[in-house]
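J.: Let me give you the structure first, and then I'll get to my questions.
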Amino acid sequence: MLTYSNQTVKIPIVPPVVSYYTLPGESKLDYPAICCFAALGFFLNDDTYYTNRKAFRPATEYQFDAFGNVVSRNRYFNWQYQPREISFEQALDEFSNLIEGVIERETETKKIVLPISGGLDSRTLAAAVAHRQDVFGYSYQFENGVSENFYGGAVAKALSFPYQSFTLPRGYLWNVIDQLAQLNGCYAEFLNPRQMAVYGQFANKGDVFLLGHGGDLFFDSMGVADNLTEKEQHEYLIKKLIKPAGWQLGESLWKAWGVNGDFREYISARILELLRGIEIENANARLRAFKTEYYVARWTAVNLELFKQQLPVSVPFFHDDMCRWICTLPETHLSGRKLEIEYLKKKSPSLAKIPWQKVYPCNLFNYHEFDSLSMKIHRAWVKGKREVKKHLLDRRTDTGNWELQLLGEKNTKYLKEYLINKWTEEFISKEISIDYFSKFQQQGKVYVHAVTMLLTLSLFGQKFYRNGKP
């Protein structure tokens, strides 16, 4: 945390990492903000754990005085929806020039390290750098989980990239959790940053990470009607952002800390206020802007810190030019991942022929057939084989990360030790930790969010808030 003095700080439209500043004055815990964090999994707006520490907001220029006070805070960019009358073919040409130009400028003379998954974003980046000889690819998958390494290996083979695959073992979290808490400052829960399982493996593999974060958000619709009312948009966000166990946990902490008012009314009003700050009529464009402005800036960016601590990062979809361009495209061109799909088919047919994980076994040339009768029969056959392996051979291929890290005797032992200790007694509430640990043992997946957030808060109490002192 830094105190800025007589400085001007300008934050990108979509910052690849979160930066913070400390204001003069007493440091107190911001209990309402922490309750929202527990419910959502990310802090809202510029909230942090403390009342006098704030996160820099995207697309904003700050001016600090000699004492570290913010004397001005000016937005230089606001999300908008001003679609041009532009053909899809012209949009595709512009996308090609933009993505390739950004990558070239940010990675020129640097050896690239490219994480590859079964989705389209990393594959799009792979196509953009297919002509280069300085790319190292890698992928990882969970033990007994979805075969991400199949896709990573196929992409690397098609483009002749050097490549390495990893399988993330059961219980890896407990070996890295203390380091992870220091790296992300406990501003995101610890299960989703799977990158931590291979942390430190790439220092000698390249000079810069090329990351595809944001592509799935920018190049698809939000799946709602363009004329959805504000009330319906608000309800959509509440449903999408807050899991049932998140509601419960936020409310439990709110009451334990003696915060005035009603938690559900408070967080609902906060989300509505932020939504109303985005002046866009088209519902899909408005919801995309909301998710970029708040979720990406406060959750995705926190987890990108794990990459940045190893090598510099290039995130082309976050580039300011990309953000400004997105605002000028009709929703019809953005929906359905069409731009990335057609870019891949045109730029690298060999990559387009590799199955797309979302519609396996279809690829980008025949994905429209996913719901055909023949494909339904094929998928039923594949699912049947998977069930046979699962029940008769005791071999699963759908194990979730939460199961690998939280279930089983050894995982349960570590989870209990981190959830129920003197740090949670001082900072949270021992009764709450015991209650949610018990609920998780009984109902499993329903309470994954709650126990992972309590785990995060427990580490915060241990690492950053000892003996009641920030």
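The values are calculated or read from the model by the stated rules, or taken from the named source; none is laboratory data. Model, not experiment: these values are computed from the prediction. When we count neighbours, we look across all protein chains shown, and the Cβ atoms used for this are built from the backbone with ideal geometry, even at glycine.
J.: Being within 26 Å of Lys28 (Cα to Cα) and either part of a loop (DSSP other than H, G, I, E, B) or β-branched (Val, Ile, Thr) (or both) is the filter here; which residues of the stretch 435-470 pass it?
T.: Val451, Thr452, Thr456, Phe464, Tyr465, Asn467, Gly468, Pro470
J.: Shifting gears a bit: Select from the stretch 1-26 the residues that are among the hydrophobic types (A, V, I, L, M, F, W, C) and not in a loop (DSSP other than H, G, I, E, B) and write down the one among them that is modelled with the lowest pLDDT.
T.: Leu2
J.: Any residue that is part of a loop (DSSP other than H, G, I, E, B), more than 23 Å from the chain's Cα centre (by Cα) and at pLDDT 95 or above - is there at least one of those in the stretch 34-44?
T.: no
J.: Another question, if that's okay. Which residues, taken from the stretch 407-433, are of a type in the set (A, V, I, L, M, F, W, C), touching a Ser or Thr at 6+ places or on another chain (Cβ under 8 Å) and part of a helix (DSSP H, G or I)?
T.: Within the stretch 407-433, Leu419, Trp423, Phe427, Ile432 qualify.
J.: Next question, about the same structure. Could you tell me which numbered condition Ser72 fails, if it satisfies all but one of (1) of a type in the set (Gly, Ala, Ser); (2) crowded, with 16+ Cβ neighbours inside 10 Å; (3) assigned to a strand (DSSP E or B)?
T.: That leaves (2) as the condition not met.
J.: Pick from the stretch 191-222 the residues that are assigned to a loop (DSSP other than H, G, I, E, B) and among the polar types (S, T, N, Q): which of them is farthest from Ala128 (Cα to Cα)?
T.: Per the stated criteria, the residue is Asn192.
J.: Could you say whether any residue in the stretch 397-409 is of a type outside the set (A, V, I, L, M) and over 30 Å from Gln357 (Cβ atoms)?
T.: The answer is yes; a qualifying residue exists.
J.: With respect to Phe317, is the statement that it is under 21 Å from Thr124 (Cα atoms), in contact (Cβ under 8 Å) with a residue 12 or more places away in the chain, assigned by TED's automatic domain parsing to the domain that holds Ala203 and touching a strand residue (DSSP E or B) at 6+ places or on another chain (Cβ under 7 Å) true?
T.: For Phe317, the condition - under 21 Å from Thr124 (Cα atoms), in contact (Cβ under 8 Å) with a residue 12 or more places away in the chain, assigned by TED's automatic domain parsing to the domain that holds Ala203 and touching a strand residue (DSSP E or B) at 6+ places or on another chain (Cβ under 7 Å) - is not met.
J.: Test Phe88 against the criterion of being surrounded by fewer than 19 Cβ atoms within 10 Å (Cβ to Cβ), closer than 25 Å to Ala289 by Cβ, at pLDDT 95 or above and touching a His at 6+ places or on another chain (Cβ under 8 Å), and give yes or no.
T.: yes
J.: Which members of the stretch 169-206 meet the condition of being within 20 Å of Ala55 (Cα to Cα) and of a type in the set (Asp, Glu)?
T.: Once the filter is applied, which keeps residues that are within 20 Å of Ala55 (Cα to Cα) and of a type in the set (Asp, Glu), the stretch 169-206 yields only Glu189.
J.: Can you find a residue that is modelled with pLDDT of 95 or more and surrounded by fewer than 16 Cβ atoms within 10 Å (Cβ to Cβ) anywhere in the stretch 183-193?
T.: The answer is no; no qualifying residue exists.
J.: Another question, then. Take the residues in the stretch 356-372 that are among the charged types (D, E, K, R) and over 19 Å from Leu339 (Cβ atoms); name whichever of them is surrounded by the most Cβ atoms within 10 Å (Cβ to Cβ).
T.: Selected residue: Glu369.
J.: Quick one: what pairs do we get from the stretch 113-124, first residue surrounded by fewer than 23 Cβ atoms within 10 Å (Cβ to Cβ) and at pLDDT below 95, second among the aromatic types (Phe, Trp, Tyr) and not in a loop (DSSP other than H, G, I, E, B), C-beta under 8 Å, 6+ apart or different chains?
T.: Partner pairs satisfying both residue conditions: Ser117/Tyr151.
J.: Can you tell me which residues in the stretch 313-340 are small (Gly, Ala, Ser) and under 24 Å from Val359 (Cβ atoms)?
T.: If the condition is that a residue be small (Gly, Ala, Ser) and under 24 Å from Val359 (Cβ atoms), then Ser335, Gly336 are the ones that fit.
J.: For the stretch 153-172, which positions are in contact with a Phe, Trp or Tyr (Cβ under 6 Å, 6 or more places away or on another chain) and of a type in the set (A, V, I, L, M, F, W, C)?
T.: Matches in the stretch 153-172: Ala156, Phe166, Leu168.
J.: Determine whether the stretch 37-45 contains at least one residue that is farther than 28 Å from Gly246 by Cβ, surrounded by 14 or more Cβ atoms within 10 Å (Cβ to Cβ), of a type outside the set (Asp, Glu) and in contact with a Gly (Cβ under 8 Å, 6 or more places away or on another chain).
T.: no
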